[in-house]
Each structure stands twice: as C-alpha cells, then as structure tokens.
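Structure record follows, encoded as structure tokens.
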C-alpha cells in the first residue's frame with residue numbers, strides 16, 4: 001500500500017482513497033480547427049509510457065475529491081513528489097539525471113544506473129570503451 | 001440577493017418521517033442491552049445538513065455573521081459553536097459541511113444567501129441524503145480501528161478534527177467534536193450497511209444502541 005501525500009488535505013492518506021487518472025500535463029491544442037490530424041490524434045489518444053520518471057494525474061476520490069499530480073518512478077514505483085493542479089513539477093527526469101551526473105552516477109537512457117562511473121574512473125572507462 | 005429559488009425540504013404539518021436507519025431498526029430491532037457494553041451507538045436523525053462551496057474569505061464573513069462560527073480554514077478541521085449543536089467542517093479547499101439542529105437549515109440557508117449577496121458561491125441542502133451516527137464508550141476507538149485505515153489515535157486525531165475517509169469499503173465523514181464521542185456522517189444509502197457493520201464490529205466489546 002502506498003501512503004500518498006494529498007497536497008490539498010496536507011497529509012498522507014491510504015492509497016485506497018485515491019484513483020489514478022493517467023498522464024498529467026496534457027495540453028489541448030490551442031486551435032483544434034487549425035491543427036493537423038496527427039497533433040489532434042496525439043492529443044486525444046497517445047500517451048507516454050516511460051521507464052522511469054512519469055508525471056501522473058490522480059484524484060483524492062474518497063477525501064477532498066480534488067485532482068492533483070504525482071511524479072512517480074515507473075520502475076521502482078517510488079512517489080517522488082505530489083503537487084497541486086496548475087503547478088509545475090520540481091522533480092523531473094532531467095533534474096534527476098543532472099543530480100546523478102553531479103554525484104558521478106552514470107545513468108543509462110532507461111533510467112537504470114551503472115556502477116563505476118565516478119569522475120576519477122573516467123579515464124579507465126574511456127580506455128575500456130575504445 | 002441572488003435569484004436562486006429556495007424551497008423548504010421539510011413539509012409543513014407533521015407527516016411522519018423516517019430516518020435512514022428506520023428500516024434497520026424495523027427489521028432487526030436493536031441488540032439487547034448489555035450491562036458492561038464498551039460501545040454506545042446512537043443515530044442523530046433529522047439534522048440539517050448544508051454544503052457550502054465558494055471562496056474561504058467570502059464564506060467566512062457570511063458564516064461569522066449568520067452563525068457566529070469562524071469558518072475552519074485549515075484542512076481536516078471542525079468548528080463548533082458554544083452549544084456544540086452547530087458545526088462547520090472543512091471538506092475540501094472550497095467546500096464545507098454545516099450541520100445544525102433539524103428545522104434550522106432552511107432559515108439558515110436563506111440568511112446565508114442574504115449575507116452572501118451576489119458573491120460566487122453555492123449552498124445545497126443535503127439533509128435528506130445523510131445522517132449522523134455517534135459512537136461513544138471506551139472501546140469506540142477500537143471499533144473504528146477495525147473499520148477504517150485512517151489513524152484514529154488521539155495523537156493523530158485530536159478533538160476538533162474531521163476527515164472524509166474510507167470506512168468499511170464505504171466512505172464516511174469521520175469527526176471528533178468532543179473528547180468522548182465520535183461522529184460518523186454516513187450517506188443515506190449506506191446507513192443500513194454501516195449500522196450493521198458497526199454492530200458486527202462492536203459485538204465483541206458489547207454494544208448498546210440508544211434510540
């Protein structure tokens with residue numbers, strides 16, 4: 001069971017009280033009449049399915065009944081952040097990979113991490129790759 | 001004054017009315033009184049329930065003027081007047097539940113509408129849709145612990161708190177207006193189910209149903 005922090009109730013609640021509602025931050029094309037079929041089709045039907053950090057829309061169905069966003073890691077199921085509607089996430093795939101770079105962790109594109117990527121072993125790695 | 005049409009849901013004269021638990025009482029009666037019961041259950045039927053929606057600042061002014069209670073602005077809080085009979089509870093950032101003694105709700109709605117004027121708000125009388133069950137006794141908390149995943153330890157659930165949460169697969173508004181008693185605001189359609197669940201959960205401690 002998850003313990004999810006509801007940004008409106010300002011406390012952690014049981015997962016039972018929540019429902020996931022799919023991908024967050026989907027923007028409706030400004031002018032649907034003028035946009036291409038492909039853009040409209042993307043907007044209506046196509047969703048991201050990343051391996052790693054994903055921003056999702058959830059609703060606190062039994063509770064305050066407000067929609068909010070969750071940043072969740074789809075591999076570890078870890079909830080990295082919850083934030084209100086209309087706000088932008090502070091944790092993103094990009095911000096995480098930058099943090100990893102600073103800590104010397106080499107992140108593969110899929111989100112998995114490889115060991116031995118510290119700056120001091122950089123020369124070794126270079127030699128190995130050639 | 002807004003142009004909303006109001007009507008009193010309570011009919012004039014005195015036709016007989018049934019509480020949401022009437023059917024449960026009719027069908028199974030109440031359990032025999034036990035001398036050493038740990039839980040006392042009681043229905044507070046026919047209270048006036050209003051749902052207020054709108055901005056906190058606008059509503060607060062009106063509610064203080066009309067009811068004399070400050071609108072609870074913090075999440076999951078509950079405010080009572082001095083008599084303890086009228087209460088306002090935070091349900092969501094723009095939604096509050098007002099419970100007043102039965103018969104007062106229609107007049108209150110009118111006074112609130114007058115005080116709110118042309119502001120952007122909504123008031124809905126939901127008195128017929130829900131009922132209040134009270135739970136008292138030293139084992140009341142144990143019964144709740146069996147029924148809801150929410151933490152009901154006094155440290156996490158002090159007096160003056162109220163939450164909407166899962167209760168026995170249904171949903172209730174669970175609140176603690178006083179030190180010794182808990183209140184459950186249950187939907188009319190779930191009332192019989194919740195009542196029977198509570199009887200079952202409280203059976204091991206001994207239960208008295210007051211009527």
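Numbers at a glance
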quantity: Elements of type strands (runs of 3 or more DSSP E) in the stretch B:48-110, at least 2 residues being within 14 Å of another protein chain (Cβ to nearest Cβ) and more than 18 Å from residue B:128 (Cβ to Cβ); calculated: B:87-92, B:95-100
quantity: Verdict on residue B:131 being within 14 Å of another protein chain (Cβ to nearest Cβ), crowded, with 20+ Cβ neighbours inside 10 Å and in contact with a strand residue (DSSP E or B) (Cβ under 8 Å, 6 or more places away or on another chain); calculated: no
quantity: Residues of the stretch B:59-99 satisfying the condition of being in contact with a helix residue (DSSP H, G or I) (Cβ under 6 Å, 6 or more places away or on another chain) and in contact (Cβ under 8 Å) with a residue 24 or more places away in the chain; calculated: B:62, B:65, B:66, B:71
quantity: Residue match in the stretch B:180-189 (condition: loosely packed, with under 15 Cβ neighbours inside 10 Å, in a strand (DSSP E or B), touching a residue at least 60 places away in the same chain (Cβ under 8 Å) and touching a strand residue (DSSP E or B) at 6+ places or on another chain (Cβ under 8 Å)); calculated: no
quantity: Residues of the stretch B:69-98 satisfying the condition of being in contact with a strand residue (DSSP E or B) (Cβ under 9 Å, 6 or more places away or on another chain) and on the phi > 0 side of the Ramachandran plot; calculated: B:76
quantity: Any hit, the stretch A:82-96, residues being modelled with pLDDT of 95 or more, under 11 Å from the mean Cα position of the chain (by Cα), under 28 Å from residue B:162 (Cα atoms) and surrounded by 15 or more Cβ atoms within 10 Å (Cβ to Cβ); calculated: yes
quantity: Answer from A:11, A:16 - the residue that is within 29 Å of residue B:53 (Cβ to Cβ), within 14 Å of chain B (Cβ to nearest Cβ), touching a residue at least 40 places away in the same chain (Cβ under 8 Å) and more than 20 Å from the chain's Cα centre (by Cα); calculated: A:16
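The values are calculated or read from the model by the stated rules, or taken from the named source; none is laboratory data. Since this is a predicted model, take the numbers as computed values, not measurements. Glycine also receives a Cβ, built like all others from the backbone with ideal geometry; neighbour counts cover every protein chain displayed.
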